[in-house]
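The block underneath contains the structure these notes are about, expressed in structure tokens.
The values are calculated or read from the model by the stated rules, or taken from the named source; none is laboratory data. Nothing here was measured: the structure is a model prediction, and the numbers come from that model. For neighbour counting, all protein chains shown are included, and Cβ atoms are generated from backbone atoms with ideal geometry for every residue, glycine included.
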Amino acid sequence: MEKCVAYFRTSSLANVGSEKDSLKRQRKACLDFALQNNLEVVKEFYDAGVKGKDLLQDRPGFSDLINFCEVNDVKTIIFETASRFSREIVVQELGWKELTQQGFQLICTDAPGYFSANDVEPSRKMIRQILGVVSEFQKDELVAKLVQARKRKEQVNKEKGYLTLSGRGKCAGRKSWKELNADVIKLSKKLARRNPRTGQRRSRLKIARLLFEQGFKTANGTLFGHEQIKRFLKC
């Protein structure tokens, strides 16, 4: 079996983690392709949080890959798709040219012939470059759409009262109690009101106990703490 290495890349750290799909999907595609094509994946390399526009020499994982290949005489690199290699046509073309000059063979599992074109095959080279431009455009278009969607979500959440500490509409991060359970906020504020007859207010401990009696408690099944009640009342 011919030896090869597999390269994976994920742009956003939000998509990095054992519960995320990016690495799992890329790894499965590469290992399945290798098995079907008599290739042995001797090492895997992963760049997490590295953008497709970053130069190859600026990627820690890819630099380790090249060093490994030189020491172990491996000349085949497989990717899930060409966009995992790079989404920027200039970076993709320069990287492809440099690596092929060093004797490397690049294979993307969804289109194995994508990187096989050379300078004496102008039509295939043109097709590869066009596909690279389309991939780059699609990424930029997606980023623009996500920016607009984020702005819309911030505006909607601001109108609903779901705010960040700076007063902007919340768009990311862990959901607050107000988002998860508005009832506990509503009841907390009701319990904190001044008694019209005595003019007294309940202590936060008393509020926590009354909430507990109504079924509102922490994830550990205990009373809410002093600071948590304080946050409820500020919502």
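Determine whether Glu44 is acidic (Asp, Glu), assigned by TED's automatic domain parsing to the domain that holds Trp96 and part of a helix (DSSP H, G or I). I'd like the intermediate steps shown before the answer.
On the way: acidic (Asp, Glu): yes; assigned by TED's automatic domain parsing to the domain that holds Trp96: yes; part of a helix (DSSP H, G or I): no.
Criteria not met by Glu44.
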Please state which of the following conditions Arg202 fails to meet, knowing it meets all the rest: (1) surrounded by fewer than 12 Cβ atoms within 10 Å (Cβ to Cβ); (2) at pLDDT 85 or above.
-> (1)
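For Asp21, state whether it is of a type in the set (D, E, K, R) and under 24 Å from Val91 (Cα atoms).
no
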Residues of the range 2-21 being closer than 21 Å to Asp58 by Cα and not charged (D, E, K, R), which ones?
-> Val5, Ala6, Tyr7, Phe8, Thr10, Ser11, Ser12, Leu13, Ala14, Asn15, Val16
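What number of residues in the range 1-23 are surrounded by fewer than 18 Cβ atoms within 10 Å (Cβ to Cβ) and under 13 Å from the mean Cα position of the chain (by Cα)? Full working, then the answer.
Within the range 1-23, the first condition is being surrounded by fewer than 18 Cβ atoms within 10 Å (Cβ to Cβ), and the residues that meet it are 1-3, 12-21.
Filter once more, keeping what is under 13 Å from the mean Cα position of the chain (by Cα): 12-21.
Selection size over the range 1-23: 10.
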Of the residues that sit in the range 90-132 and are modelled with pLDDT under 80 and of a type in the set (Gly, Ala, Ser), which one is nearest to Thr76 (Cα to Cα)?
-> Ser116
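So which residues in the range 211-235 are exposed (fewer than 15 other Cβ atoms within 10 Å of the Cβ) and either outside any loop (DSSP other than H, G, I, E, B) or of a type in the set (Gly, Ala, Ser) (or both), if there are any at all?
Those that are exposed (fewer than 15 other Cβ atoms within 10 Å of the Cβ) and either outside any loop (DSSP other than H, G, I, E, B) or of a type in the set (Gly, Ala, Ser) (or both): Glu213, Gly215, Ala219, Gly221, Gly225, His226, Glu227, Lys230, Leu233, Lys234.
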Gln57: passes all of (1) closer than 12 Å to Ala6 by Cα; (2) in a helix (DSSP H, G or I) but (1)
